[in-house]
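Engineer: Provided herewith is a single structure, encoded as structure tokens, for subsequent inquiry.
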Amino acid sequence: VFQNHEEDDRKVRRREKNRVAAQRSRKKQTQKADKLHEEYESLEQENTSLKREIGKLTDEMKHLSEVLKDHEKICPLLHCTMNFVTIPRPDALASCLPR
């Protein structure tokens, strides 16, 4: 009877220990999932922000390309037949610079 009681006590202690370990494991998994979800949310926000920045930069690039295209039509430096050999005149250069 005494030995049977001892085995029961061991089983109860082992079950309790196992229950506590399982709770700890589930809590750890939940914390890990929460952390991953927070990281996901943060990366989504960063991604949205970067996409917005890409859009702005793309618009700026299109605008500057148009400005350059318009400028190339009237730029005296580009129309000079020897523009790679001679040094441009200061007055020609001044007409190309923004006012």
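Engineer: Would you tell me the accessible area of Glu44, worked out with a 1.4 angstrom probe on the heavy atoms of the protein chains, in Å² to the nearest 10?
Structural biologist: Its accessible surface works out to 80 Å², give or take rounding.
Engineer: Just the Cα atoms of the stretch 1-42, one point each, no solvent: what log10 I(q)/I(0) does Debye give at q = 0.15, 0.21, 0.33 Å⁻¹?
Structural biologist: Log10 I(q)/I(0), no solvent term: -0.53, -0.69, -0.96.
Engineer: Still on this model: May I ask for the Rg/Rh ratio of the stretch 1-79, computed from Cα atoms with Rh as the Kirkwood radius, given to two decimals?
Structural biologist: 1.75
Engineer: A further question on this structure: Which of the lysines could a cross-linker bridge to Lys28, judged by Cα under 19 Å and excluding same-chain residues fewer than eight apart?
Structural biologist: Lys17
Engineer: Note down the nm distance, to one decimal, between modelled labels 7 Å out along Cα→Cβ at Asn18 and at Ser65.
Structural biologist: 6.8
Engineer: Still on this model: Given a Förster radius of 35 Å and the C-beta distance between Asp9 and His37 as r, what FRET efficiency does 1/(1 + (r/R0)^6) yield to the nearest 0.05?
Structural biologist: Working: r = 42 Å, r/R0 = 1.20.
That gives a FRET efficiency of 0.25.
The values are calculated or read from the model by the stated rules, or taken from the named source; none is laboratory data. Please read these numbers as outputs of a predicted model, since none were measured by experiment. Virtual Cβ from ideal backbone geometry, glycine too; neighbours counted across all protein chains shown. These accessible areas exclude ligands, DNA and RNA; they are computed on the full protein's heavy atoms, side chains included. Shrake-Rupley method; radii C 1.70, N 1.55, O 1.52, S 1.80 Å.
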